[in-house]
Amino acid sequence: MQRQEFLELFEAALRAAKSVRGVEDSPEVSRFVDAVSRLKQAPKSLACDVVCTTSMVGKGLRFFNDHKHPEIRSEGRLLWNLWLRLLYASGREQSRHEDTTPVKMIPTMKKTGDSKRDKVREILQTSLAKVANEVVETEMKTRVAASDPCVVAVSVECAMFEKLGCFMGPQKAKYRSILFNMGDTNNPDLRRKVLLGEINGERLVTMERQEMGSEQLRKELQRIQERARFKEESRMNMLQSADLIMT
């Protein structure tokens with residue numbers, strides 16, 4: 001299977017899934033299942049390369065995972081889990097062959113060939129990897145363990161690149177804001193939500209700085225806004241009182 005055939009199969013699966021409304025029975029469900037079955041047979045190297053470098057695939061997988069039709073949702077999740085395992089195995093295999101120096105903090109991930117994009121991916125992965133040591137609840141730990149920081153970092157970076165352009169472009173400040181908030185020691189909630197898919201890459205790039213900020217920062221901003229509102233209300237009351245005295 002070649003890259004073009006892989007992409008055409010994925011697009012066919014995506015069209016079929018989009019044609020199915022809710023839980024209704026439709027011939028498109030069978031077409032979707034057939035396309036997904038063929039995608040599962042794609043060469044490992046091809047699947048890893050396309051998943052890491054094509055944002056359309058990441059968006060499509062999220063669409064399958066959230067689909068209302070149970071068969072599409074189930075098959076979509078099986079495909080996603082298969083590719084996650086392939087990506088993880090690919091990263092470990094590449095790490096073993098690259099060097100024998102002490103263990104690196106950042107596991108190997110698929111490269112884009114663009115040093116700036118690859119650096120953004122590494123920064124995101126480092127931030128997302130913190131989540132495993134930040135969660136306490138058993139159920140949350142299980143969910144976090146099932147999420148791969150490497151794969152999520154690639155997905156988020158692809159969304160950033162698609163929406164914001166290159167790192168050195170006019171959106172450099174937005175890149176810096178996202179990377180800072182993702183790595184902020186006081187902002188574990190944002191990292192966790194991104195890792196678990198509660199906030200996807202497309203949503204993250206549209207969030208304002210205040211939205212991404214830590215709970216502590218949001219509370220402080222809220223206090224500042226409340227004080228400003230109180231001062232404005234006091235000023236207006238004084239003006240109204242002055243008007244009454246003058247009349």
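The values are calculated or read from the model by the stated rules, or taken from the named source; none is laboratory data. This structure is a prediction, so every number in the text was calculated from the model and none was measured. Cβ sites come from the backbone with ideal geometry, for glycine too, and all protein chains shown count toward neighbours. Ligands, DNA and RNA are excluded from the accessible area calculation, which covers all protein heavy atoms including side chains. Shrake-Rupley method; radii C 1.70, N 1.55, O 1.52, S 1.80 Å.
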Every residue from segment 193-216 that is part of a helix (DSSP H, G or I) and open to solvent by less than 50 Å² (accessible area, probe 1.4 Å): 194, 195, 201, 202, 204, 212
Single unsatisfied condition, residue 19 versus (1) open to solvent by 20 Å² or more (accessible area, probe 1.4 Å); (2) of a type in the set (Gly, Ala, Ser); (3) modelled with pLDDT under 85: (3)
One residue from 34, 49 being within 28 Å of residue 160 (Cβ to Cβ), in a helix (DSSP H, G or I) and either modelled with pLDDT under 90 or over 21 Å from the mean Cα position of the chain (by Cα) (or both): 49
Which numbered condition residue 135 misses (of (1) part of a loop (DSSP other than H, G, I, E, B); (2) more than 25 Å from residue 59 (Cβ to Cβ); (3) open to solvent by 50 Å² or more (accessible area, probe 1.4 Å)): (3)
Pick from segment 22-31, criterion in contact (Cβ under 8 Å) with a residue 40 or more places away in the chain and in a loop (DSSP other than H, G, I, E, B), ranking: nearest to residue 71 (Cα to Cα): 23
Residue among 127, 95 that is assigned to a helix (DSSP H, G or I), at pLDDT below 80 and open to solvent by less than 70 Å² (accessible area, probe 1.4 Å): 95
Lone unmet requirement of (1) more than 28 Å from residue 114 (Cα to Cα); (2) modelled with pLDDT under 75; (3) surrounded by 18 or more Cβ atoms within 10 Å (Cβ to Cβ) for residue 76: (2)
Residue in segment 10-18 that is in contact with an Asp or Glu (Cβ under 6 Å, 6 or more places away or on another chain) and under 26 Å from residue 114 (Cα atoms) present: no
All positions within segment 60-69 that are open to solvent by less than 70 Å² (accessible area, probe 1.4 Å) and assigned to a helix (DSSP H, G or I): 60, 61, 62, 64, 65
Out of 110, 104, sole residue that is basic (Lys, Arg), open to solvent by less than 60 Å² (accessible area, probe 1.4 Å) and at pLDDT below 85: 110
